[in-house]
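Just passing along the structure, written as structure tokens.
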Amino acid sequence: MKRSLFGRLWPNVTAVVLFIGFVFPVYWMFATAFKPTGDIISEDPVWFPTDVTFEHFRKATGVDHFWTYVSNSLIVTLCAVGFALVVALAGSFALARMRFKGRRGFVIGFMMAQMAPWEVMIIAMYMIVRDASMLNSLVPLTVFYMMMILPFTILTLRGFVAAVPRDLEEAAMVDGCTRAQAFRKVILPLLAPGLMSTSLFGFITAWNELPLVLVLNKEAEAQTLPLWLSSFQTAFGNDWGATMAASSLFAVPILILFVFLQRKAVSGLTAGAVKG
């Protein structure tokens, strides 16, 4: 009886401990953003904001070129995710439906590309962009971010395409649809969970990326929000209030996106990992 009770209890206790461990840093970030400076630098931790202030948010959003950073991040991220999805839909359909020589090696190549750290190629990327006279441009960032997202997107969507029975596609073609129409009307609606999960992954990857923009874009007019987060370090130390306020604002779009896509994204990640 006691052993059975313990067997039911310890997974729940473990889950609660892990939940607190993951959520507490996020809570501390948001709470610190609303604390007065005196509470932030106090030797005794202030667990809950007593005097709520928005001064740190005003300081964070009042820096030069803030809205330029916001628009650049949105443009680069959304374009990279959109282009990656278009290319990945075609690539995943080819890998899942067509048989050709070298197909297995092609899939292994995508897996290796997904595991490889992009930072090792940053010098080569810089030289390519420099020789093309495209430094301080959003176009190379968009292309490189799309390349980062593409392997995971293709591999995930490949599992979903492979899980769709061929009979559905063939039945649509018998009814008069072309292959493209059968894909658009039959297969594409069934790929919604995979599209959601890959979109969320791609958005987070491109939204958070720092080394590339740090190397390729030196001018403020071509920089993105990750560099904005590092602008609150001074010779006298870190402005923790503004840093936490900026970090909170930076995390809000991802949190909102995850709330809306949560159910589809989780099912998409698990299904794409075991199918195909």
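The values are calculated or read from the model by the stated rules, or taken from the named source; none is laboratory data. Since the structure is predicted, the reported quantities are computational estimates derived from the model, not experimental observations. We place every Cβ from the backbone using ideal geometry, glycine too, and count neighbours over all the protein chains shown. SASA here: full protein model, heavy atoms, side chains in, ligands and nucleic acids out. Shrake-Rupley method; radii C 1.70, N 1.55, O 1.52, S 1.80 Å.
Using alpha carbon centroids, what distance separates the stretch 33-99 and the stretch 151-215, in Å?
Using only Cα atoms, the two centres lie 25 Å from each other.
Turning to a different aspect of this structure: Apply the membrane-span-like helix rule to the chain: whole DSSP H runs, Cα extent along the own long axis of at least 20 Å, mean Kyte-Doolittle hydropathy at least -1.0. List the helices found. Could the numbers behind the result be given before it?
Numbers: long enough: 2-33 (45 Å, 1.02); 66-97 (46 Å, 1.61); 138-163 (37 Å, 1.80); 192-208 (24 Å, 0.79); 240-274 (43 Å, 1.38).
Helix filter hits for the chain: 2-33, 66-97, 138-163, 192-208, 240-274.
Something else about it: Hey, got the dipole for the chain? About the Cα centre, +1 on K and R Cβ, -1 on D and E Cβ, debye to the nearest 20?
1640
Could you sort 71-80, 168-177 so that the peptide with the highest average Cβ count within 10 Å comes first and the rest follow in order?
71-80, 168-177
Calculate, in nm to one decimal, what LEU214 and ILE20 gain on full extension: separation in residues at 0.36 nm each, minus their alpha carbon distance.
Taking LEU214 through ILE20 to full extension adds about 66.5 nm, to one decimal.
Sticking with this structure for a sec: Have a look at SER42, THR53, PRO25 and report the one farthest towards the positive end of the charge dipole of the stretch 1-53, computed about the Cα centre with Cβ charges (Lys/Arg +1, Asp/Glu -1).
Most positive-ward Cα: PRO25.
Sticking with this structure for a sec: Apply the Debye scattering formula to the chain, with a single equal point scatterer on each alpha-carbon and no solvent, then give log10 I(q)/I(0) at q = 0.11, 0.13 Å⁻¹.
Once normalised to I(0) and log-transformed, intensities are -0.83, -1.03.
What percentage of the solvent-accessible surface of the chain, computed with a 1.4 Å probe over protein heavy atoms, is contributed by carbon and sulfur atoms?
Result for the chain: 70 percent of the exposed heavy-atom area is carbon or sulfur.
So how exposed is LYS218, as accessible area in Å² (1.4 Å probe, rounded to 10)?
Number for this one is 140 Å².
Further question: Between ILE254 and ALA113, what length in nm is gained on full extension when 0.36 nm per residue of separation is reduced by their alpha carbon distance? All intermediate terms of the calculation are to be shown ahead of the outcome.
On the way: separation 141, 0.36 × 141 = 50.76 nm, distance 2.49 nm.
Separation in residues times 0.36 nm, less the Cα-Cα distance, equals 48.3 nm.
Tell me the mean residue ellipticity at 222 nm calculated for the chain from its helices only (DSSP H runs of n ≥ 4, each -39500 (n - 2.57), averaged over every residue, nearest 500).
Values: 13 runs with 200 residues, N = 276.
Helices in the chain give a 222 nm mean residue ellipticity of -24000 deg cm²/dmol.
On full extension of the chain, what length is gained from ASN136 through ILE75, given 0.36 nm per residue of separation minus the C-alpha to C-alpha distance?
Separation in residues times 0.36 nm, less the Cα-Cα distance, equals 20.5 nm.
In Å², and per residue, what accessible area does the stretch 13-132 have when probed at 1.4 Å with the other protein chains present? Walk me through the numbers before you get to the answer.
Details: 7870 Å² over 120 residues.
Accessible surface, normalised per residue, equals 66 Å².
Most fluctuating residue of ALA163, ALA182, ALA192 in a GNM of the chain with Cα springs under 10 Å: which is it?
ALA182
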